[in-house]
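The values are calculated or read from the model by the stated rules, or taken from the named source; none is laboratory data. As the structure is a computational prediction, the values presented were derived from the model and not from experiment. Cβ placement follows ideal geometry from the backbone for every residue including glycine, while neighbour counts extend to all protein chains displayed. What goes into the accessible areas is simple: the full protein's heavy atoms, side chains included, and nothing from ligands, DNA or RNA. Shrake-Rupley method; radii C 1.70, N 1.55, O 1.52, S 1.80 Å.
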Amino acid sequence: DLWRSGGEGAMTPKGAIADLEEAVKIAPDFARAWVALASAYAQRQNWSTGAEQTALVEKARNAAGKALEIDPGLGEAYVVLGRFDPSNDWQVRGAQFAKAVAAEPNDADVLMLHAGFWLSETGQSQEAVRELARAYEIDPTSNLLLNRYCEALIAVNDIATVEKVITERVAATPEMGVLWQVILVDRLRKRDFAGARAYRD
C-alpha cells in the first residue's frame, strides 16, 4: 500500500522498502514480498540521481530476479526487468513486458504498469488507453490507476471519456472531486482559459 500510493512522501516509498526488506528477511521464500520490494526500489529511484539511483536500479533488478526464481508467474517482476534491462535493447525490453502480461493477464497493476512503462513509452497511446480501461474495469477502486487512466485519456484528447469516468467516480465517492483538476491543468497547459474556467469550480 505504501509504494502503490505513489509520491515521495514521508513514508513512501522509503517506508515500503524498510518494511519489505524486513519481510524478506523473515520469509525469504515469499515471492510476493520480493516483487513488491523490486517495485518499491524502482519507484524510489525516480527521486534519486547518480550512484544512489544506479544502486536502486540494481537492487530492483536483483529483487525481481529473486521473485521469479521462486515464482516465475509474477508479471510485476517482468515489468521491473523490462524497465531496467541493462542492454537497452528494445526487443528484449518488449519481450519482458509481453511476459508480464502473459503471466498475469487479469492483474490490474500489471496492466497499468505495462501501459505506462511500455505502451505509452513506445508511442502506443491508444493501446495504452485500452489497456488502462481494462485495468480500471478490473479494479475501479484504485486511485492510482484512476489517475493513470485519466492521464492517458487526456494524452489522446478524449476529454469526454475523462468527464464520464470522473463523474461516475465522484458520484460514488464525493471526496474524489479533486480529480477535476486533471482536466483543469490540461486546459491551462493548452492555454484554453475558457475551458479551464469550466472545471475550476
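How large is the accessible surface per residue of the chain, computed with a 1.4 Å probe and reported in Å² as a whole number?
52 Å²
On the full set of protein chains, 1.4 Å probe, figure out the accessible area of residue 83 and give it in Å² to the nearest 10.
Number for this one is 50 Å².
If we restrict to alpha carbons, what Rg and Dmax does the chain come to, in Å?
Computed over the Cα atoms of the chain, radius of gyration and Dmax are 18.0, 57 Å.
Mind giving me the nanometre distance, one decimal, between the label points for residue 52 and residue 22, set 7 Å out from Cα along Cα→Cβ?
Distance between label points: 2.2 nm.
How are the alpha carbon pair distances in segment 85-137 distributed across 5 Å bins from zero to the largest one, expressed in percent?
5, 23, 30, 25, 13, 4, 1
Distances over 22 Å make up what percent of all Cα-Cα pairs in segment 20-107?
Of all Cα-Cα pairs in segment 20-107, 23 percent lie more than 22 Å apart.
Work out, step by step, the length gained on full extension between residue 181 and residue 163: first 0.36 nm times the residue separation, then minus their alpha carbon distance; give nm to one decimal.
Answer, rounded to one decimal: 5.4 nm.
Given only helices, namely DSSP H runs of n ≥ 4 each adding -39500 (n - 2.57), what is the per-residue ellipticity at 222 nm of the chain, to the nearest 500 deg cm²/dmol?
-21500 deg cm²/dmol
Ordering 137, 22, 104 from largest to smallest accessible area (1.4 angstrom probe), what's the sequence?
137, 22, 104
For 81, 132, write out the residues from largest to smallest accessible area, computed with a 1.4 angstrom probe and no ligands counted.
Per-residue accessible area, sorted high to low, gives 81, 132.
How would 131, 76, 69, 151 rank on accessible area, largest to smallest, probe 1.4 Å?
69, 151, 131, 76
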